[in-house]
1. Do we find a residue being more than 16 Å from L199 (Cβ to Cβ), small (G, A, S) and surrounded by 20 or more Cβ atoms within 10 Å (Cβ to Cβ) anywhere in the stretch 16-24?
2. Got a sec? Which of L408, L383, L426 is farther than 20 Å from I455 by Cβ and surrounded by 19 or more Cβ atoms within 10 Å (Cβ to Cβ)?
3. Taking only the stretch 399-420 into account, find how many residues are over 23 Å from the mean Cα position of the chain (by Cα) and under 15 Å from R362 (Cβ atoms).
4. Do we have F254 as touching a Lys or Arg at 6+ places or on another chain (Cβ under 9 Å) and surrounded by fewer than 24 Cβ atoms within 10 Å (Cβ to Cβ) here?
5. Evaluate the stretch 279-290: report whether one residue or more is touching a residue at least 60 places away in the same chain (Cβ under 8 Å), assigned to a loop (DSSP other than H, G, I, E, B) and farther than 17 Å from S213 by Cα.
6. So how many residues does the stretch 245-270 have that are of a type in the set (S, T, Y), outside any loop (DSSP other than H, G, I, E, B) and within 25 Å of R234 (Cβ to Cβ)?
7. Spot the failing condition for R488; the list is (1) within 29 Å of N402 (Cβ to Cβ); (2) assigned to a helix (DSSP H, G or I), and only one is missed.
8. If I go through the stretch 146-169 residue by residue, how many of them are in contact with a Ser or Thr (Cβ under 7 Å, 6 or more places away or on another chain) and either surrounded by 18 or more Cβ atoms within 10 Å (Cβ to Cβ) or charged (D, E, K, R) (or both)?
Amino acid sequence: MPESIRALIVILILSSFLFIFSKKQICKLIPENDFKRRRNAWYAITIAAFISSNFWIYSLIAIFIIFFSKQRENNIPALYFILLFTLPEVSAQIPGLGLINYLASISHQKILSILILFPAALILKANKNTTPFGRITLDKLIIVFLIVSILFFARNNTLTNVLRFAFFDLTLTIFLPYYVISRSLSSIDRFRETFTSILLVGLILSSVGIIESYKHWLLYKPLLASLDVQDSIRYLPRGDYLRATAIGGHSIAFGYLIAVILGLSFFTLSYFDTKKNIFIVSSILIAGLLSTVSRGPWVGAFFIYLIYTLTGGQILKKLFITFLVLIAVLLISPFVPFLNSMVDLLPFIGETGQGSISYRQRLIENSWIVIQRNPIFGSTNYLDTPEMQEMIQGQNIIDVVNTYIAILLNQGFVGLFIYLTIYLNLILNINRSLKGYHYNDPLHILGRSILATIIGVLIMLATVSSITIVPTVNWSLISLSAAYILLRQKKSDSIS
């Protein structure tokens, strides 16, 4: 039996168990018909990808699946998110028919944007109740970011490449998701449905990560060979563990995704009717995060929990319990092999994998020398400098494992300022929106979960570069944040 089929069987067994286990609780949050339709769409996309002999056959099948799935869908973001993180970042080039080398690069995410988001954007634009684009400051910041990104990209690219970048990259992966998600989630019920889809994906992927780490088998790696696309997933051990990857393309990107889903799950879990279900779901997500053996996402997840706790009620009680749990883990870890190995992986505490920390420190030092030569707008050839050439690793690559450093090197302080201004605007607006609500109010819980996740992301970006699914996760979170700001604005207008 081909490895891809064996991997598919394992994934289907894991997902089926989770769908069955969660159905009773989930259907208290969303209509059962919606649950079944989105679940079936996930099944269909996953099976189509694993049984297709190449990316183009999969794409044709996916078009029909997506077309029929969205016909009765009344919450486009909910369908979009349950399908978005179904596959790794796989793509192929559309041939140029002899006129140019290739027309464009198409991916799973771009197919979803064209088939799901673009028609939804047209409907939203025609709806008089839709908030016009440009109404809030964040809209304008997004446009500034897109224009500046095009200008920076144009410095060393042809007009054809610039046009591809503007439409097939920025429009399909940033602008369309931002516009549709921010304008579609116009009620707390729609948020609950969408976050439920995100939680379901997180549970499936976490269970995959647990199996990958335990069995030392990356389940989505055979898929890339099956689709006849570039295989970029590598087996990465750390200590005695295999670092789980799932659809992340890299263990740290996968951990980044699970940490974000953990943060957003605070809102969904607030609707759960038993502490037992909350504990089980949280445990699966945490185990999935641990399976990545990625310390940056671990730290980010801890700060997400901390910020969420500090913005809620009973702060001292929750912090005291957290402190006791951490002390207990450290005290008993020498006597429990698993806990001892986990503690040994922690940054600045354990000893395993400390080489990556020293590499990051050297990266900052060497990068700062390069940044000072072109501090305003950065440079396009920074990788060719002697300081960066010193950072070449065993895989013959320079891994700029810090998003802020990467932006400074390529776009200087101008690019970094624009990028951080988007997040600062989100933090200030959401923090302001929390005022006036009791901490048990759904709008307050929703805002806290988003705010905590944004702050966690800003911490994690210092430990990861914009690889594989990381930009997709970032812009998804920004889009959800914009939707919350608009919802809170509408609530305030209706009260006044």
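1. Within the stretch 16-24, the subset more than 16 Å from L199 (Cβ to Cβ) is 16.
Restricting the remaining residues to those that are small (G, A, S) gives 16.
Subset that is surrounded by 20 or more Cβ atoms within 10 Å (Cβ to Cβ): none.
No; the residues of the stretch 16-24 include none that is more than 16 Å from L199 (Cβ to Cβ), small (G, A, S) and surrounded by 20 or more Cβ atoms within 10 Å (Cβ to Cβ).
2. Details: L383 fails: surrounded by 19 or more Cβ atoms within 10 Å (Cβ to Cβ); L426 fails: farther than 20 Å from I455 by Cβ.
So the residue among L408, L383, L426 that is farther than 20 Å from I455 by Cβ and surrounded by 19 or more Cβ atoms within 10 Å (Cβ to Cβ) is L408.
3. Here the count works out to 1.
4. Details: touching a Lys or Arg at 6+ places or on another chain (Cβ under 9 Å): yes; surrounded by fewer than 24 Cβ atoms within 10 Å (Cβ to Cβ): no.
So F254 does not fit the description; no.
5. Checked against the condition, which is being touching a residue at least 60 places away in the same chain (Cβ under 8 Å), assigned to a loop (DSSP other than H, G, I, E, B) and farther than 17 Å from S213 by Cα, the stretch 279-290 yields no hits at all.
6. Taking the stretch 245-270 and keeping what is of a type in the set (S, T, Y), we get 245, 251, 256, 265, 268, 270.
Cutting the leftovers down to outside any loop (DSSP other than H, G, I, E, B) gives us 251, 256, 265, 268.
Filter once more, keeping what is within 25 Å of R234 (Cβ to Cβ): 251, 256.
Residues meeting the conditions: 2.
7. (1)
8. Restricting attention to the stretch 146-169, the residues satisfying the condition of being in contact with a Ser or Thr (Cβ under 7 Å, 6 or more places away or on another chain) are 155-156, 168.
Filter once more, so that each one left must be either surrounded by 18 or more Cβ atoms within 10 Å (Cβ to Cβ) or charged (D, E, K, R) (or both): 155, 168.
Matching residues across the stretch 146-169 total 2.
The values are calculated or read from the model by the stated rules, or taken from the named source; none is laboratory data. Because the structure is predicted, anything quoted here is derived from the model rather than measured. Here Cβ is always computed from backbone atoms with ideal geometry, including for glycine, and neighbour counts include all displayed protein chains.
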